[in-house]
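Single-structure report; data block below.
Since every read-out is calculated from the coordinates, none of them should be taken as a lab result. Model, not experiment: these values are computed from the prediction. Cβ placement follows ideal geometry from the backbone for every residue including glycine, while neighbour counts extend to all protein chains displayed.
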Amino acid sequence: MSPRRTIAGAALGAAGLAAAGTVVGVSRHRRSLSRRPGPGVEDHPDVPLGSLRADALTVVADDGVPLHVEVDEPATSQPGDPTVVLVHGYALTLDCWHFQRLHLRRAGVRTVLYDQRSHGRSGRSAREHATIDQLGLDLRRILDEVVPDGPVVVVGHSMGGMTVVALAEDHPELFGDRVVGVGLVSTTAGGLDVGRLLLPVVPAKIGLPIAQRTIATLARRPQVVDRIRRLGKSVAMVATDLFAFGDDVPAAYVEFVDAMLSATPYEVVAEFFPAFGGLDKFDAVEVIGRVPTTVLCGTADRLTSIGHSRKLHSRIAESRLVEVEGAGHMVVLERHEQVDEELDRLLAAVRDERVAG
């Protein structure tokens, strides 16, 4: 059999209809998804998902990769007000923070967002630099270039949370000095079942050895995989709904996340995938306990399950653990009101501690 047919067969198998059970199951789920109502008034329909923008900045990482950065500057600010830096996850972009960004804008909080290397509008990374440690270095560069002065609250979702942990490991001196608050959302510092990460992208429930072999095989022909992903859009949408969300969210949310996943080249998915299997940084998270910290996760998260957040909470002194009942991995969209409230609570705790200090 030709390599192309082998790759195509592997991709189709990995992206098989096991995500919904059968072809009929996929079709029914897809129809059900299309009948869900759109976002309600409370979801700001006047501000479409992914439409928020600011003047773009380019921050060059230490290895020369250009990082796309956007800064929301408040009309007024008080001396000592913290800047919030939002760090997105695997195969997503800064747009995933849509609701938090809108909320912080309306609250007058200076907010920095950026696309991680090889994601969104940032430049492509060399394969050897597609690591969590490198992402931590990128975050440090963002802080140095865009927030050179004043207090910072860093909030990371999924791989973005791992990025924050990597920063803590490499630069513990920043925590309690420049970094005065931390939010860790749907994330972990190690012990991840990496097969779970493939589910929204290549929907198949597979273990670590098979996951590694599948990724390595498919990475030899990433363009073929990307074409198959586009052709199998119904399957991809169902997989995104099943594995990114816990409740029946509006179809617009599913389409929004699926668009970000689909726009991430499979080659990028494959390059970053090995970084998750070897992640082991729980010993590095203790320094985060120097500052107010919120650990938040949905109880129905199928990718970074709630146990990871509970472990982070147990390792980070005086952290606040928020378990969002029934929510999935994309809790930042699915339960954005609650996430926004927790951001407000975290910022209030930061301000209180600084006044007390």
Want the number for V60 to E323: 0.36 nm per residue separation, take away the alpha-carbon distance, what's left?
91.0 nm
Expected sort for 334-340, 121-127 on mean C-beta neighbours within 10 Å, highest first, is 334-340, 121-127
Describe numerically, in nm with one decimal, the distance between label points set 7 Å from Cα along Cα→Cβ at A263 and at E337.
2.8 nm
If each residue of separation counts as 0.36 nm, what is the full-extension length gain between R121 and R53 once their alpha-carbon separation is subtracted?
23.2 nm
Extension gain from V355 to A107, taking 0.36 nm per residue of separation minus the Cα-Cα distance
87.3 nm
